[in-house]
There are 2 protein chains.
Amino acid sequence: MKRIAFLLGAVLMVAGVVVSTGPAAGPANEEGAPAYVTSIPPGYRDWKWVSVAHEEGNLNSIGAVLANDVAIKAYREGKLPFPDGSIIAALHYSHTASEENDKVFGQPQSFVAGQPTNIQFMVKDSQKYAATGGWGFGHFSNGKPADAAFMKPCFPCHEQMKARDLVFTRYAP
Amino acid sequence: MKRIAFLLGAVLMVAGVVVSTGPAAGPANEEGAPAYVTSIPPGYRDWKWVSVAHEEGNLNSIGAVLANDVAIKAYREGKLPFPDGSIIAALHYSHTASEENDKVFGQPQSFVAGQPTNIQFMVKDSQKYAATGGWGFGHFSNGKPADAAFMKPCFPCHEQMKARDLVFTRYAP
């Protein structure tokens with residue numbers, strides 16, 4: 001249990017587009033929609049680093065996954081499921097060529113975190129988020145949470161990673 | 001002063017190859033070689049996250065830059081030069097396709113941190129490392145430090161980023 005993948009943002013964004021344009025899209029205020037995370041957990045920018053990922057395709061994203069102390073402990077011990085209180089954050093940015101780096105390298109090869117695109121969270125609370133595997137999902141652009149329709153595909157997608165308690169991202173040594 | 005690039009590892013590796021094969025390469029135990037970092041600063045895996053980067057070309061690298069509390073404070077305040085005691089770490093991994101992520105996406109697009117390749121450090125000590133701009137450079141593969149010849153190009157390359165106190169990587173918001 002040393003590595004990690006973070007589809008968090010990526011899958012949500014891809015699937016979100018489908019949901020919001022497809023015939024099966026539900027209204028944002030759909031009754032009975034499962035609870036999701038609507039406020040940004042404080043202090044996440046100070047959390048410990050889990051891993052990085054780069055998504056090509058429409059996402060064109062580079063990002064980092066951070067985790068609070070409860071989640072980092074579980075990651076490092078390889079213990080599943082993650083205990084209540086675990087929070088995992090995925091910070092996404094545009095995968096952007098660095099002109100200043102390329103100049104030093106003498107060739108185009110360097111990509112860095114460009115404009116922030118979104119921040120996503122998984123909050124473990126087995127009671128509150130019982131309907132979505134014990135995890136509350138959150139997606140924030142410019143500090144604002146996504147609506148219920150956008151959040152709908154998070155759980156079914158993450159459920160495919162049941163063997164790792166719905167968490168795609170592996171811990172980088 | 002919110003962003004950052006990290007050529008740390010990348011440039012060292014590229015330039016290191018040139019130095020170790022070119023006619024100007026000095027012996028590893030060259031007398032008068034400037035001091036560099038030969039032991040891994042403890043606790044670096046717990047430091048705060050600065051940014052990510054992806055290097056194409058021969059490096060094929062994805063990695064994260066972390067910084068200790070002294071350096072993070074300077075980063076966030078945008079104050080230069082970094083004070084003595086600052087340490088910046090760059091953790092590099094093979095830029096590796098994630099089969100398990102791609103399976104969920106339904107297309108090849110996801111790259112994650114694969115095998116660790118090297119860890120690099122910049123340690124600020126304006127006395128000890130006066131000959132190299134106040135920064136001691138370090139490069140470790142499998143926990144072992146590189147030799148003096150390999151380290152030689154670090155300073156002249158980083159010196160090109162004098163405007164940011166020799167630090168390429170910008171802080172990701």
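What follows draws every value from the coordinates through simple rules; no lab data is involved. Computed from a predicted structure; not experimentally measured. FYI the Cβ positions are ideal-geometry reconstructions off the backbone, even for glycines, and counts take in every protein chain you see.
A few points about this structure:
- Across the copies of the chain, residue B:80 has label points (7 Å from Cα along Cα→Cβ) spaced 4.5 nm apart, shortest distance listed first.
- Around the Cα centre of segment B:72-173, unit charges on the Cβ atoms of Lys, Arg, Asp and Glu (plus for the first two, minus for the last two) sum to a dipole of about 340 debye.
- Shielding by partners for peptide B:112-123, expressed as the average number of C-beta atoms from other protein chains within 10 Å of each residue's C-beta, is 3.
- Using a 7 Å Cα-to-Cβ projection, residue A:131 label spacings across copies, nm, ascending: 6.7
- Among the listed pairs A:103/B:162; B:48/B:144; A:73/B:124; B:48/B:124; A:48/A:79, those beyond 20 Å (Cα-Cα): B:48/B:144; A:73/B:124
- Set of segment B:30-58 residues, backbone N closer than 18 Å to the point 7 Å along the Cα-Cβ line of residue B:127: B:35-37
- Burial order of peptide ranges B:110-116, A:121-127 (average beta-carbon count within 10 Å, highest first): B:110-116, A:121-127
- Positive-pole candidate from A:149, A:61, A:109, dipole of segment A:60-173, charges at beta carbon: A:149
- Rough spin-label spacing in nm, given labels placed 7 Å along Cα→Cβ, for residue A:73 and residue A:56: 4.1 nm
- Each other residue within a Cβ distance under 11 Å of residue A:69 adds +1 if Lys or Arg and -1 if Asp or Glu, for a net charge of +1.
- A simple rule links phi to the HN-Hα coupling: the Karplus curve 6.51 cos²θ - 1.76 cosθ + 1.60 with θ = phi - 60°, which for segment B:138-155 gives x, 9, 10, 10, 6, x, 9, x, 6, 8, 4, 5, 4, 7, 3, x, 4, 5 Hz, with x for Gly and Pro.
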